[in-house]
Amino acid sequence: MHTSRRTVLAAAIAAAAAAGTQAASAAPAAGRDAPPAGTVDNAFWSGRHGWLAGTGRGTRVAPGGAQGITLGEAVGRTDYADPHTGTTATWEYATWTGPLHRPAVPATEIVAHWNADTPAGTWLQVELQGHYTDGTRTPWYVMGRWTAGDADGDIRRTSVDGQSDGHSSISTDTFALDDEAGALRVAAYRLRLTLYRKPGTRGTPVVRRLGAMASAVPARFTVPTSKPGLAHELRVPAYSQDIHKGQYPQYDNGGEAWCSPTSTSMVLDYWGHGPTRAETAWVDPSYADPQVDTAARYTYDYQYEGCGNWPFNAAYAASRGMNAAVTRLGSLSDIETFVAAGMPVITSQSFLASELTGAGYGTSGHLMAIVGFTADGDVIANDPASEDDAAVRNVYRRSEFETIWLRTKRHTDTGAVASGSGGVVYLYWPPRPTRAQERALKSFGLL
């Protein structure tokens, strides 16, 4: 029924941190002391002080409110052979390398994410270099090559397969240690941005925010159920992915696999940041909810051949004028914090049909938008795996949902052991968040 998202290389060992705790750490530019260690560390760089904490070669900080990092004077040229178009083009570039960040938790996994504008004729690459606890380093791993568009002459946005050093690997959008039961961890890391444009032009990407989520979530098949603390529902539009079956099969075989861009579309329209009628005019006018087709087109990862790349969904939301991050949360109580502040949360989970009462299907990877909680504490989910828009709103049992979302290990219908997301979420928030939203984001090191 649902296209499998690539297997998440689950985090391991409980000794890394106490199970169920949550640590949030801002980047040094945020000017705050790091909180106690836990299982998740959020870091980001933005604004003038954030960018000045790194080292730029040819980059500059754009003036004005955004204060993004931009390509000023190119420091070199390179030929890029695009594996997805078969063409080779010359690009000029500049780089920004972030400071060494020591996460509050020695990490087993890292996911980078970025908020950027990439006009036609420009693109960016995000890389990560980890410092292992044994004193050695990883190579510079490519975490994504991104452009928001797909016009002629642009590259095709892509993850990069085949990256490994014998201790760690990149699986689509996630850095993970190969031996989850071993003692090796990542004690620190750097991020590097390379900004590209066509030679002789003045266009430039504008990167407003660059961040990463480092984590060491203990291996677990089950999790304790959190105590309900909120009865509230946000008015988030409900969109079905299933009504898009067969549409634009060049993007992951059409809508049946579009859970991620469909969830992203629901939340973008909640904030009023979805695509305009002009921007969806390319969609067949007989198709309902053309914003979903548009999101699928512009989140599609040409290497992964799917629309479920976590950072690409966040980057698409950011290209719509939002702020966006990928992180892990530690409980449904954490989601309640955001819902109480008016922020829906997109969650990633996998389950057998028997593990989620009322869903009626099983999946090895699926995204939903969490829009509220009932008086009993059960989860109100806008589940895009529904026959039509009217059927999207679903109520799922709190204990069941918390388990399928937070666990890192699960059993398949054949009894084999597979991975779970370990609490992965997308969070999107407006350019000017309310004070309640600021407090919620700051409490997790996201602002």
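Any read-out appearing in this document is the output of simple, stated calculations on the displayed coordinates, not a laboratory observation. These numbers were taken from a predicted model, which means no experiment stands behind them. Cβ placement follows ideal geometry from the backbone for every residue including glycine, while neighbour counts extend to all protein chains displayed.
Centroid-to-centroid, using Cα positions, the range 43-104 and the range 199-234 are 21 Å apart. When each of the peptides 108-119, 229-240 is scored by how many other beta carbons lie within 10 Å of its residues on average, the order from highest to lowest is 108-119, 229-240. Can you tell me which aspartates and glutamates have their Cα less than 20 Å from the Cα of Lys409? Leave out same-chain residues fewer than eight positions away. Partners found: Glu109, Asp173, Asp178, Asp179, Glu180, Glu355, Glu400. Restricting the GluC sites (Glu not before Pro) of the range 347-447 to loop positions (DSSP other than H, G, I, E, B) with no more than 12 neighbouring Cβ atoms within 10 Å leaves Glu387.
Rank by packing, highest mean first: peptides 271-278, 145-152, with packing defined as the count of other Cβ atoms within 10 Å averaged across residues.
Numbers: 271-278: 14.0, 145-152: 17.9.
In descending order of packing, they fall as 145-152, 271-278.
Within 10 Å, count the other beta carbons around each residue, average over each peptide in 62-72, 362-372, and list them highest first.
On the way: 62-72: 18.6, 362-372: 24.5.
In descending order of packing, they fall as 362-372, 62-72.
Relative contact order of the range 38-78, taken over Cα pairs closer than 8 Å and 6 or more residues apart, is 32 percent. The per residue volume of the convex hull around the alpha-carbon atoms of the range 232-443 is 117 Å³. Largest GNM mean-square fluctuation across Ser319, Ser169, Ser286, computed for the chain with C-alpha springs under 10 Å, falls on Ser286. Across Ser354, Ser164, Ser419, mean-square fluctuation computed from a Gaussian network of the chain (C-alpha pairs under 10 Å connected) peaks at Ser354.
Can you tell me which aspartates and glutamates have their Cα less than 20 Å from the Cα of Lys245? Leave out same-chain residues fewer than eight positions away. Correct list for Lys245: Glu256, Asp284, Asp289, Asp293, Asp301, Glu305, Asp383, Glu387, Asp388, Asp389.
Using C-alpha pairs below 8 Å separated by at least 6 residues, the relative contact order for the range 232-443 is 25 percent. Convex hull volume of the Cα atoms of the chain, normalised per residue: 138 Å³. Based on DSSP H segments of at least four residues, each scored -39500 (n - 2.57), the chain has a per-residue ellipticity at 222 nm of -4000 deg cm²/dmol. Using Cα springs under 10 Å in a Gaussian network model of the chain, which residue among Asp383, Asp284, Asp334 shows the largest mean-square fluctuation? Taking springs between Cα atoms under 10 Å, the residue moving most is Asp284. Taking Lys442 as the anchor, which lysines have their alpha carbon closer than 25 Å to its alpha carbon, excluding any fewer than eight residues away along the same chain? Cross-link targets: Lys227.
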